[in-house]
Structure formats: C-alpha cells, structure tokens
1. Could you work out how far the C-alpha centroid of segment 88-118 sits from that of segment 209-265, in angstrom?
2. Once R0 is set to 22 Å, what does the formula 1/(1 + (r/R0)^6) return for the Cβ-Cβ distance between Lys396 and Asp425, expressed as a FRET efficiency to the nearest 0.05?
3. Using only the Cα atoms of the chain, what semi-axes does the equivalent ellipsoid have when each is the square root of 5 times a gyration tensor eigenvalue? Give whole Å, largest first.
4. Can you bin every Cα-Cα distance in segment 196-352 into 10 Å intervals starting at zero and give me the percent of pairs per bin, rounded to whole numbers?
5. Report, to one decimal in Å, the Kirkwood hydrodynamic radius for segment 8-185 based on all distinct Cα pairs.
6. Once you treat every alpha carbon in segment 294-433 as an equal point and sum by Debye, what is log10 I(q)/I(0) at q = 0.19 Å⁻¹?
7. log10 I(q)/I(0), Debye, Cα-only segment 159-281, no solvent, q = 0.18 Å⁻¹?
8. Need the C-alpha centroid separation for segment 388-422 versus segment 340-360, integer Å.
Amino acid sequence: IRKNPSESEFHQAVKEVLESLRPVVEANEEKYRREALLERLVEPDRQIKFKIPWVDDKGQVQVNIGYRVQFNNAIGPYKGGLRLHPSVNTGIIKFLGFEQTFKNSLTGLPIGGAKGGSDFDPKGKSDREVLAFCKSFMTELYKYIGADTDVPAGDIGTGAREIGYLYGQYKKIKGTYEGVLTGKGLTYGGSLVRTEATGYGLLYLTDEMLKANGHSIKGKRVAISGSGNVAIYAAMKAEQLGATVVTVSDSNGWIYDPEGIDVAALKEIKEVKRERLTEYLKYRPQAEYKEGRGVWSVKCDVALPCATQNELHLEDAKVLVENGCIAVAEGANMPTTLEATQFFLNNKVLFAPGKAANAGGVATSALEMSQNSERLSWPFEEVDKKLKQIMVNIFKNMSEAAKEYNAEGNYVLGANIAGFLKVADAMMAQGIW
Ligand code: NDP
C-alpha cells in the first residue's frame, strides 16, 4: 500500500490471495522468506504505459493511455486480455494481471500472467474511430508482444472487431503471420469455441460444483449480471443445461424476464446491433427493464456475476442468501467484494472464485495458440470437450487443495493455493529473476 497508494483493486486482489496462502506460507516460511518469494510474486515483471494518439471523425486528435503489465512468466509466455474502458488505470490492470497469473496456472496449461488495455471507450465510436485507435495502440504495443513472448486477447470492450483491427496492424508492422493475439476470427487463425468459452466454461464448472454438493444446474433459476461476451454465453449454456436465466444487465439497468431470457434476442441486440439493453423489450414486451443496480434482488438459486469488478456488495450477498441462493460463481474478474465473499462462505453458499470459474476463456485461448503453432484448426466438439475437461480438472484441483489444507468446500482458498503452488515451484526452480 505504501509503494502503490492509489491501486485499491490491486491491494484487494493481493489481500485475498495472500490470506488464502497463509497455511502454505507458514509451512515453508524460511525458504519463502529467504527467496523473497511473495515479494517477487506481487511485483510485476514489467509495466509498460504509453500514449495512444488517434484522430476522431471530426478531425480532432484524441490521446488515450495504453497499458501492458507483464506480471509473471514462470510457467509460460505472458497471456491475458486487453480491456478498453474509461475506468482503466494502473491499479485495475495490475489486479487483473496478478489474478491472471494464478488463473492461468490453474488451467494446467503453460501460460504466464499479464493484462493490458486503455482508457479508450469504444462505446458510441464509429468503426473508423475504433480502427484508428486500434492501429495507434498496436503501433506501440507490438514492440512488447509476440507468439512466444506475450499473447494478448479480448476483455471488456475488446471483442472480435477490435482483435481483428489489432491483428491487422501487428501483421502490417511485423510482416509475420503468427498467433500473437487470441480471439481471432475463424478465417484467420481463430479457434472454434473461443467466443463461447468463458461463459460455457463458467457453467461447466458451476454444474460440477453443484453436483459435488448434491445439486445440479438443471431446473435452477439463475441470475446473471452483464450482457457482454461472458454473460451471453453463460446464459446460453445455462439454458442448454436446463436452467432458467431470469436476469441480465448493463451499466445503465437490468432486465427481469421470469420465463427465461431470450438468448437469441440478446445476441442480436448486443453482437449485431450493438444496442443497449432497453431494446430487449421490443423482442419480449412481457419482460421488465429497471434502471440502476438491482439484479441481485430477484429470487434465484444461482448467481453468476459476469459484468465487472466489485459489482456484488455485502448488502447484495445478504439479499441473495435471504432469497435462498445456494451457489455463486464469478464469470467476471473479482465481481464480489471481500466482505460479500466472506459472507457467502460464512453462510455455506457454494462460491467459485473468478480465477477458477472464468478460466475457460484463457484456457481456450491457449488451445488457439496450440492450433496456430501446428497450423491446424480443431473441430468445435473437440475444443468444447477439452474445455469441459479443463473446467472439471480445475474444480477437482481447487477442491482437493481446499481439503488438503483443512478447509473443505472453501474454493477461494483452494483455487489460490492450487494456482500458487505451480507458479512458486517454477519460480524457485528458475533461480532469482
Ligand atoms: P464485455 O465488454 O463483452 O461486456 C461487459 C459487460 O459488463 C457489459 O454488459 C457492460 O455493460 C458491463 N459492465 C462493464 N463495466 C461495467 C461497470 N463499470 N458497471 C456496470 N456494468 C459494467 O466484457 P466481457 O463479457 O468480456 O467481460 C466481463 C467480465 O468477465 C470482466 O470482468 C472480464 O475481465 C471477465 N472475463 C472475460 C473473459 C472473456 O473471455 N471475455 C475471460 C475471463 C474473464 P455496458 O455495456 O453498459 O458497459
């Protein structure tokens, strides 16, 4: 806190992880202290911050700030998304890069942790403006990334369109056709299932967690927040598995559709028309749209926060528990505050933390990297099967780690420990760097 006083989200993420690691650290105290393992773990390998000038449709030059935080490459090349949102700052990118290190480790695949982005807001911009921004962003970013060095991907505000524009500019500058970004279109090196992967993976893990505790997702009422990439495919898979999704939201308001969200309509509104959620009523007049927060006030069995960090507070957690919610799984990164997480754990709500629950996206990105390396494309069913197996393994690993450290059912502790052990071992094996 003394070193980075304004980085509150980063402090929050570090606090949660370090508290979980207490039993492991106590068992290895002398060694970790001598090697300053934790001090090295919380410090990114490098942080890059740069200006992104671009020209808007009125001929006015705009200047945004770009970030890439390469956190830890002990187990593989840096890997993590690029967030485009006006709230982006160093603390947010550092928290995401820190979390990403453990998440990537949990997938069992050889990928290190990183994150990047910009305070650019793609909302309301023309295609030409987004292209101008992406070109300028990549004109600086390309110096620091590469298929074996650092492989960025999408995140909030960075979807297929932005990845395409960024990839085009990288190729133009470098002249090489390599898997430097994931989330690419299917005609130029993208992987089937990558678009769906985070949402689908979230449901595979949620169902696994429910089954291990005597329940199943089938027949459950599910509340989802957000209406972006993660939320859409979480809703789709939940409905495929026999659940009823009753809410989605955006930063202005939320939809309550007790008969079940119409996912095809949602996809068309968000992915094709790029419209706001109010449009949903044109497709489903019987649904309700309410302004502001409130998505967690509906009665549900399972809550899936899929929008952004710190969107589910202690008061929301209390209402969810009162309404009979039995499970929460984080589609977004750190959507639940520390107090709300603790409240769920204290009240025996099954709780899957984001670094495990939303790891399906980056896992499938790693599968995209493998396909790019062998210059092949695997069929949808094959990638989906691998994704499911990865999510099942993540659940198994985090639940076994929790059990081993006398905290059965505490998947927060289990995920943090399981993710940490592999990174720590690799760091110590590679000497001091
Ligand atoms: P999108 O940009 O596709 O969608 C984000 C959604 O969250 C939108 O509905 C958006 O509403 C809402 N939202 C964003 N910021 C805020 C805010 N400050 N307050 C309220 N609502 C907000 O992003 P993704 O779906 O890709 O990402 C969602 C979350 O999942 C993020 O935490 C991301 O880091 C995480 N994640 C994503 C992965 C992926 O593969 N895409 C992988 C792993 C994690 P609005 O349109 O009004 O801004």
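Laboratory data are not the source of any read-out in this text; all were calculated from the coordinates shown. Worth saying up front: this structure is predicted, and the values here are computed from it rather than measured. Ideal geometry is used to build each Cβ from the backbone, glycine not excepted, and the neighbour counts take in all protein chains shown.
1. Using only Cα atoms, the two centres lie 26 Å from each other.
2. Details: r = 19 Å, r/R0 = 0.86.
Calculated value: 0.70.
3. On the way: eigenvalues 175, 168, 83 Å².
Working through the eigenvalues yields semi-axes of 30, 29, 20 Å.
4. The percentages, shortest bin first, are 12, 46, 35, 7, 0.
5. Details: mean 1/r = 0.0588 Å⁻¹.
17.0 Å is the Kirkwood radius here.
6. Each listed q corresponds, in turn, to -1.12.
7. With no solvent term, the Cα-only Debye profile gives -0.95.
8. Cα centres, segment 388-422 to segment 340-360: 12 Å.
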